[in-house]
Amino acid sequence: MGKIYNVGIIGGGVSGVIAALQFDKYGIDSILFEQESSVVNGPPFCHLHAGGNLYPDISDEQCKLLMKQSIEMARLFPQSIDQRPTFISVPKSEKIEVENIENRLEMLVEYYKELINEDPANEILGAPDSYYKLYSKEDLIALEKQPTVKWPKSSDEWMLNTVKLIDYEKLKTPVILVQEYGWNLFRFGAQAQLALKKSEKCNLKIDTLVTNVNDVRDQNLAYNWEICTNDTVFKVKYLVNSCGFRTGILDESLHLNVNRLIEFKAAYVSKWQPIAGLIPELVFHGERGTPQGMAQLTPYCDDHYQIHGMTMDITLFDNGLIKLNGSEAHPEFDADIQQKLQCGWNEDEVKQRTENAIDFIAKFVPTFKTAKVAGPPLFGAQQIPGDDPSLRVGEVSFPSKFYARSEIVKASSALTVANQILHKTQEEGIIPAISFKSDPNLLLDSIPKNEIDKLASDFAVQRGYPVALSQLVIERN
Ligand SMILES: Cc1cc2nc3c(=O)[nH]c(=O)nc-3n(C[C@H](O)[C@H](O)[C@H](O)COP(=O)(O)OP(=O)(O)OC[C@H]3O[C@@H](n4cnc5c(N)ncnc54)[C@H](O)[C@@H]3O)c2cc1C
């Protein structure tokens, strides 16, 4: 009889790899299936939402959870965290009140202090009192007169570089600088894949599509599921569905009916002229889905910038958000989006949407008009559990025995989900009682920086992106 694994995980995105790494940490064997040739190749991520400040409309509770989860993930993957802050502003044309954002930031400072009190190693966003800083119009005028700083360190240095480039007359004041950092998906994927390949407990199967799962829970066997690939059947006791927006395919085959949304989105890759000093990520708030949707400019190395624009001709798509109704568990996108997901984009559309994105940013950063297309978009589809598209902290559900379905909305929720699954496997008697430790993950920590640099750069090239996208703007030791 073939080996029986304690846990079978389908999907090697953020959620699946973190689950496998957590099981490894506690000495529990697992098998992880990813259909592509490397892990973490699904929808992109670039922002560590350590406070939810990109979302003026979410609850304080979601902001706190995003901060806590982001800190946990950043502690595990420091080599993927770009320690540059985020500039947050509200255009004068928008209804959002800066005062509401300020009140929330104050609440977040107190919460950050609590997290540091619980564990001093949580202080990864700098000192709590420097978590954010507000700048009035007078402050901006004064900073604009100071010389640019090539490698800014203080909030004021970041802000003075910014103020020389933006048209701040279009913005409400105060504007904000907050310690929400960048999060590099290529580096994250590289560290995770290197660790999983080294793991003695996880059998990582890349290039392996799961074609079917047989439910044998009522057959009184030593295992509960058969996971079928093209040529082999694997036996597992506990099944984790981490298929991202495709979780519904497995649900459908198990006759589980689930309420969820799926959404396709894209961000664009551009190259700008060299500028004299580094800038933070720039965020100009706006109502999602309208022509004034939020604009987000994310700096990378070597004058590369990623752009999101929450309008229908940039990041969002007609028919890009699908609600699930009736008995189907896995909704399908229209032919145009399916084509993008399966075969990539046509060049004209890459050019058109990237140029739309560049023009959109140039409304607030006039010299950005000269930026050029520098690669294919970063794109993908994600799931949102339930029917509220503004939800930012999806987690996990356990729709039937020995089965977990990961439902993360933000990459930062993956560790929380993995720990919930660990608890559930214990509760259901799959694994013995373990005492949960908050120690660092020794396997991840054992991966040297030079190996992460190399594999992250290979990932970028293999996926058709500039190598610069795999590097941090602020190099870490
Ligand atoms: C444009 C965009 C920008 C985003 N920006 C951010 C951000 O800045 N910060 C943030 O935190 N989050 C961001 N997100 C959200 C984030 O990308 C997702 O939450 C996260 O990637 C989801 O991870 P996952 O592991 O659940 O799913 P996925 O990454 O989709 O992983 C699922 C995996 O399962 C595999 N798979 C599916 N079916 C099978 C099968 N049958 N057999 C084998 N393998 C299979 C797939 O190939 C895939 O690799 C963004 C999303 C988008 C679309």
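The values are calculated or read from the model by the stated rules, or taken from the named source; none is laboratory data. Quick caveat, the model's predicted, so the values are computed rather than measured. Glycine also receives a Cβ, built like all others from the backbone with ideal geometry; neighbour counts cover every protein chain displayed.
Take the residues in the range 314-338 that are among the small types (Gly, Ala, Ser) and either under 21 Å from the mean Cα position of the chain (by Cα) or outside any loop (DSSP other than H, G, I, E, B) (or both); name whichever of them is nearest to residue 273 (Cα to Cα).
If we filter the range 314-338 for residues that are among the small types (Gly, Ala, Ser), which is where we start, we get 320, 326-327, 329, 335.
From what is left, the residues that are either under 21 Å from the mean Cα position of the chain (by Cα) or outside any loop (DSSP other than H, G, I, E, B) (or both) are 320, 335.
Working: 320: 33, 335: 37 Å.
My answer is 320.
Among the residues of the range 256-277, which ones are surrounded by fewer than 19 Cβ atoms within 10 Å (Cβ to Cβ) and either farther than 24 Å from residue 418 by Cα or within 13 Å of the ligand (Cβ to nearest atom) (or both)? Walk me through it before giving the result.
Kept after step one, since they are surrounded by fewer than 19 Cβ atoms within 10 Å (Cβ to Cβ), are these residues of the range 256-277: 256-257, 259, 271, 273-277.
Passing the criteria: 271, 273, 274, 275, 276, 277.
Would you call residue 40 crowded, with 22+ Cβ neighbours inside 10 Å, of a type in the set (Val, Ile, Thr) and in contact (Cβ under 8 Å) with a residue 40 or more places away in the chain? So that I can check it myself, show each step before the final result.
Working: crowded, with 22+ Cβ neighbours inside 10 Å: yes; of a type in the set (Val, Ile, Thr): yes; in contact (Cβ under 8 Å) with a residue 40 or more places away in the chain: yes.
The answer is yes for residue 40.
Would you say residue 311 is among the polar types (S, T, N, Q), part of a loop (DSSP other than H, G, I, E, B), buried (at least 18 other Cβ atoms within 10 Å of the Cβ) and within 14 Å of the ligand (Cβ to nearest atom)? Explain how you work it out, then say what you get.
Numbers: among the polar types (S, T, N, Q): yes; part of a loop (DSSP other than H, G, I, E, B): yes; buried (at least 18 other Cβ atoms within 10 Å of the Cβ): yes; within 14 Å of the ligand (Cβ to nearest atom): yes.
Against the criterion (among the polar types (S, T, N, Q), part of a loop (DSSP other than H, G, I, E, B), buried (at least 18 other Cβ atoms within 10 Å of the Cβ) and within 14 Å of the ligand (Cβ to nearest atom)), residue 311 qualifies.
Looking at (1) within 16 Å of the ligand (Cβ to nearest atom); (2) outside the structural domain of residue 195 (by TED's automatic domain parsing); (3) over 17 Å from the mean Cα position of the chain (by Cα), find the lone condition where residue 22 falls short.
Only one criterion is unmet by residue 22, namely (2).
Report, by residue number, each residue of the range 195-228 that is crowded, with 16+ Cβ neighbours inside 10 Å and among the polar types (S, T, N, Q).
Residues satisfying the conditions are 199, 203, 208, 224.
Name the residues in the range 26-37 that are buried (at least 22 other Cβ atoms within 10 Å of the Cβ) and either near the ligand (Cβ under 6 Å from one of its atoms) or more than 22 Å from residue 233 (Cβ to Cβ) (or both), would you?
Listed by number, the residues that qualify are 33, 34.
Write out, first by first residue and then by second, each pair whose Cβ atoms fall under 7 Å of each other, whose residues are 6+ apart or on separate chains, and whose first residue, in the range 194-208, is closer than 12 Å to residue 12 by Cβ while the second is at pLDDT below 95 and in a helix (DSSP H, G or I).
Pairs that qualify, where the first residue is closer than 12 Å to residue 12 by Cβ and the partner is at pLDDT below 95 and in a helix (DSSP H, G or I): there are none.
Does the range 116-138 contain at least one residue that is within 22 Å of the chain's Cα centre (by Cα) and either within 16 Å of the ligand (Cβ to nearest atom) or in the same structural domain as residue 22 (by TED's automatic domain parsing) (or both)?
Yes, there is a match, as at least one residue in the range 116-138 is within 22 Å of the chain's Cα centre (by Cα) and either within 16 Å of the ligand (Cβ to nearest atom) or in the same structural domain as residue 22 (by TED's automatic domain parsing) (or both).
Take the residues in the range 229-244 that are surrounded by fewer than 21 Cβ atoms within 10 Å (Cβ to Cβ) and within 11 Å of the ligand (Cβ to nearest atom), then tell me which one is farthest from residue 20 (Cα to Cα).
Per the criteria, the residue is 230.
Taking the criterion of being closer than 28 Å to residue 77 by Cα, surrounded by 18 or more Cβ atoms within 10 Å (Cβ to Cβ) and assigned by TED's automatic domain parsing to the domain that holds residue 277, would at least one residue in the range 141-154 satisfy it?
Looking for residues that are closer than 28 Å to residue 77 by Cα, surrounded by 18 or more Cβ atoms within 10 Å (Cβ to Cβ) and assigned by TED's automatic domain parsing to the domain that holds residue 277, one finds at least one in the range 141-154, hence yes.
Would you mind telling me which numbered condition in (1) of a type outside the set (Asp, Glu); (2) part of a helix (DSSP H, G or I); (3) on the phi > 0 side of the Ramachandran plot residue 186 fails?
For residue 186, the exception is condition (3).
When you go through (1) surrounded by fewer than 22 Cβ atoms within 10 Å (Cβ to Cβ); (2) outside the structural domain of residue 239 (by TED's automatic domain parsing) one by one for residue 48, which number turns out not to apply?
(1)
Residues of the range 106-159 being touching a Leu at 6+ places or on another chain (Cβ under 6 Å), part of a helix (DSSP H, G or I) and free of Cβ contacts under 8 Å to residues at least 60 places away in the same chain, which ones?
Residues satisfying the conditions are 122, 143.
Listed residues 98, 178; which is surrounded by 18 or more Cβ atoms within 10 Å (Cβ to Cβ), over 30 Å from residue 463 (Cα atoms), within 16 Å of the ligand (Cβ to nearest atom) and not aromatic (Phe, Trp, Tyr)?
Values: 98 fails: within 16 Å of the ligand (Cβ to nearest atom).
Of 98, 178, the one residue that is surrounded by 18 or more Cβ atoms within 10 Å (Cβ to Cβ), over 30 Å from residue 463 (Cα atoms), within 16 Å of the ligand (Cβ to nearest atom) and not aromatic (Phe, Trp, Tyr) is 178.
So, in the range 237-274, of the ones that are among the aliphatic types (A, V, I, L, M) and at pLDDT 95 or above, which residue ends up farthest from residue 307 (Cα to Cα)? It would help to see each step written out before you state the result.
Start the filter on the range 237-274 by keeping residues that are among the aliphatic types (A, V, I, L, M), which leaves 239-240, 249-250, 254, 256, 258, 261-262, 266-267, 269.
This time we only want the ones that are at pLDDT 95 or above, so: 239-240, 266-267, 269.
Values: 239: 37, 240: 33, 266: 9, 267: 5, 269: 7 Å.
Among them, the one singled out is 239.
In the range 339-354, which residue that is surrounded by 13 or more Cβ atoms within 10 Å (Cβ to Cβ) and either modelled with pLDDT under 95 or within 24 Å of the chain's Cα centre (by Cα) (or both) is farthest from residue 376 (Cα to Cα)?
Looking at the filtered set, the residue picked out is 339.
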